[in-house]
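The values are calculated or read from the model by the stated rules, or taken from the named source; none is laboratory data. The structure displayed is predicted, hence computed values, not measured ones. Glycine gets a Cβ as well: all are built from the backbone with ideal geometry, and neighbour counts include every protein chain shown.
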Amino acid sequence: MLVVDAVTLMLIIWAGFCLRFDRFYIPNFEQTLFILAGPATALPIFASMGLYRTILRYLSGYTIWTVLQAVTVSTMVWVSLVYITLSFGAGGIPRTIALVYWLGSFAALVGTRFVAKWLLTERHGTDKNARRVIIYGAGEPAIELANSLHATSEFQVAAFVSDDPSLENMDVIGIRIYPSKHLQELILQLGIREVIIASPTAGVRAQRELVANVGRLPVKIRVLPPLADLAAGKYLVSYIRDIDIDDLLGRPPVPAIPELLREPVQGRVIMITGAAGSIGSALSRAVAQLKPSKLVLLDFNELGLYQIERELRPYGDFELIPALGSICDAGFLRHTITTHKVDTIYHCAAYKHVPMVEANHVEGVRNNVLGSFHLAREACALNVEKLILISSDKAVRPSSVMGATKRWAEIIVHYFGALAAEQDPRRVFSCVRFGNVIGSSGSVVPLFKEQIAKGGPITLTDEGMTRYFMSIREAAELIVQAGALSESGDILLLDMGEPVRIRDLAEDMIMLAGLTVKDDENPDGDIEIVTIGMHPAEKLNEELFYDPSSITRTRHSKILRGAPSQVPLEDVPLRIDQLEKAIDRYDPDAIRRLLFDLLETQDRQFFQGSPAAWSAGDRYSA
């Protein structure tokens, strides 16, 4: 680079003489000295400004600015030398030579460097078998990603695609920008194997449309995380990840407020029931990162409890207690809470698979209702400061035994919360209610994944069925933040956006697996979707609220507060006693009747006199 620059600078000065005198010019001795002085003064300046520290393969646009500065300084030094020696004029250095030197040096230095970069990257750095990709987006993240991909031999960026009409048919770093409506044509014409989403404005809706439009084509869809998730200035190929079903929830993830996470956990003794379950284990991980003084993990699943305890051991220096036992054992609960002086309980332990609880409703009611009663009673008696119940949208106007048990758990927590608040207004017993958690046990997503892995078919209960979905990380963070936001008797809910049609979810999962849907329009597809009919206990659409008009906002813009049950609570122990006796007799019919009759009595005012809401309950009273 030093030799090329030295020769180039001398040629530029000599070319300036030829242009000035309009002929092939042979300089005199004095002029020859100044031609040699050009690189002699410029090269040290170039070196001091870092032009020779740049690796040409990774040259960026910032180099142009550095070259301009270096050339300007070196030209001024050279011109100063001419004036100091009074060597200007026709016999020395004509004034126009300085302008030619400045412009020519700048063009030559920039040109030689970028030609060298092109030779290194394009001519020798691209493998014939490189994966041809299209980048969705044309902003700074997309451009930096393209530069990173160019620096490897594994990828070749064939085009940018943008939703911005003002960028249509423009070129960026030598790559054409096409409108997004031409994406399918480009994939087929250019032999594209991957589409990488690198647009900060491409939200969930755009990602869903992209999957729907190109999911049938033989391409992989991947996504570059938002800039906020990356270290400043880093746009590395390794950050690209496969697009996941979490990206297609129908809304962007809800960010947590850090102080709401720390406040209810830091320095406190926390107990999590059902800690080995999918939601309980995610909550345990979230809590472990927030520095509690002690974390008690309670579950009756020995293997699961061992695994989550082993996983959390490296998280910190807090005390970690595995408590093996059932929430139906009041003595065990009393001993655990007393021994460890528990401050806060997150109650995740529950049977929540609807068909399984429907087929085994005696045990379902015993665990979900009586277990919650024993836990809330002991927490109230032993001065536990906070009890947060993890509930479900199926508790709203329940049609299944599982939903009815979760509604009863809410009523029980409300009842004991009222008693605890009478003893100390600072004590809080509340509920967190949300929809389906992607990846949790009982969720439809693991079932669909299993069916896709087996080659199908995917079984769908109804074409029009919809559900609210959230990621398991969101669920865990919501539960923790509820401890800071809730008041006794509260039911907190996440603003979950629009419900997701299960049919659309199934199609998205098939496409994300790189397969196609087999139907009348595509008989040669890979996976068929079969409608098998709704289970008697299922609902076509779930609800999050009894009365949407009573919903209020909290400090977190996406966490809502539902009105507590305005029901008479004084007869809850008597009703539970009746239910417990039916369970002891193992009388399934009586349990069903009591479960739904009691709910109808307790919640009648929420149904505003509508008997249709209790049609499912009437089925069980026969």
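Give the range 385-402 a look and list any residue that's among the small types (Gly, Ala, Ser) and farther than 17 Å from residue 561 by Cβ, or say none.
Filtering the range 385-402 for residues among the small types (Gly, Ala, Ser) gives 391-392, 395, 399-400.
Of everything in the range 385-402, those that are among the small types (Gly, Ala, Ser) and farther than 17 Å from residue 561 by Cβ turn out to be 392, 399, 400.
Would you point out which residue out of 340, 335, 347 is within 27 Å of residue 290 (Cβ to Cβ) and free of Cβ contacts under 8 Å to residues at least 24 places away in the same chain?
Details: 340 fails: free of Cβ contacts under 8 Å to residues at least 24 places away in the same chain; 347 fails: free of Cβ contacts under 8 Å to residues at least 24 places away in the same chain.
When all the criteria are applied, what remains is 335.
Do the conditions hold for residue 279, that is, is it assigned to a helix (DSSP H, G or I) and within 21 Å of residue 379 (Cβ to Cβ)? Spell out how you get there, then give the answer.
Details: assigned to a helix (DSSP H, G or I): yes; within 21 Å of residue 379 (Cβ to Cβ): yes.
For residue 279, the condition - assigned to a helix (DSSP H, G or I) and within 21 Å of residue 379 (Cβ to Cβ) - is met.
Out of the residues in the range 7-24 that are surrounded by 15 or more Cβ atoms within 10 Å (Cβ to Cβ) and free of Cβ contacts under 8 Å to residues at least 60 places away in the same chain, which is nearest to the chain's Cα centre (by Cα)?
Checking each candidate, the answer is 10.
Which members of the range 526-557 meet the condition of being touching a Lys or Arg at 6+ places or on another chain (Cβ under 8 Å), at pLDDT 70 or above and either buried (at least 17 other Cβ atoms within 10 Å of the Cβ) or part of a helix (DSSP H, G or I) (or both)?
Correct list: 527, 529, 554.
Given the criteria at pLDDT below 75, charged (D, E, K, R) and part of a helix (DSSP H, G or I), does residue 144 qualify? Show your work before the answer.
On the way: at pLDDT below 75: no; charged (D, E, K, R): yes; part of a helix (DSSP H, G or I): yes.
Criteria not met by residue 144.
If I go through the range 291-323 residue by residue, how many of them are basic (Lys, Arg) and either assigned to a strand (DSSP E or B) or not assigned by TED's automatic domain parsing to the domain that holds residue 280 (or both)?
Residues in the range 291-323 being basic (Lys, Arg) and either assigned to a strand (DSSP E or B) or not assigned by TED's automatic domain parsing to the domain that holds residue 280 (or both): 1 in total.
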